Amino acid sequence: MTDDKQNDLNAVAETGGAGSFYLDDGAGPALPPDLPEEFFAGAARTSDETAAETHAIEGALREVFDPEIPVNIFDLGLVYEINAADAGTEIVMTLTAPACPVAGTLPQQVADAAAKVPGAGRVSVKMTWEPPWDWSRMSDEARAALGFID
């Protein structure tokens, strides 16, 4: 990746991207109002149901896209953890910036997509801001799709 392209991506990540929420005075990004810390979808797994394989959940998450970036959220590196829980699946994720315009909807899309996987059970998507997302979390496929590598 060239230094210019790396700097461009770092600048987008640091500023929250082009579609961030801004205060009326233009002072900078503001957090989305009333952002829940957790999103849910699906029903609890029954005792005779086999837990979904992690790769199946990953596949479902590769169908979820940030509308401002033509790369799926898994390859963008927004998903930090996928864990099987007693009755379902727990996903820990972040966004490119806390002021991301889809902060209130994208995590629910993730929960809904994962809940469609047989054996996923009750899906819980927890938001985290630590560690903050940065360009190094993207897969090579995502970097190539965005023109950051050949």
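The values are calculated or read from the model by the stated rules, or taken from the named source; none is laboratory data. What you are looking at is a predicted structure, and each value in this text was computed from that prediction instead of being measured. For neighbour counting, all protein chains shown are included, and Cβ atoms are generated from backbone atoms with ideal geometry for every residue, glycine included.
Quick notes on this one:
- Any hit, the range 127-141, residues being part of a helix (DSSP H, G or I), among the aromatic types (Phe, Trp, Tyr) and at pLDDT 95 or above: no
- Test: residue in the range 95-117 that is within 30 Å of ASP48 (Cα to Cα) and assigned to a strand (DSSP E or B): no
- Note on the range 35-64: residues that are surrounded by 17 or more Cβ atoms within 10 Å (Cβ to Cβ) and in a strand (DSSP E or B) total 2.
- Here PHE21 clears all of (1) surrounded by 14 or more Cβ atoms within 10 Å (Cβ to Cβ); (2) of a type in the set (A, V, I, L, M, F, W, C); (3) at pLDDT 90 or above except the condition numbered (3).
- First in the range 65-82 and under 14 Å from GLN109 (Cβ atoms) and at pLDDT below 95, second anywhere and in a helix (DSSP H, G or I) and among the acidic types (Asp, Glu), Cβ under 6 Å, 6 or more apart: none
- Restricting the range 85-98 to residues that are of a type outside the set (Asp, Glu) and surrounded by fewer than 17 Cβ atoms within 10 Å (Cβ to Cβ), the residue that is nearest to PRO67 (Cα to Cα): VAL92
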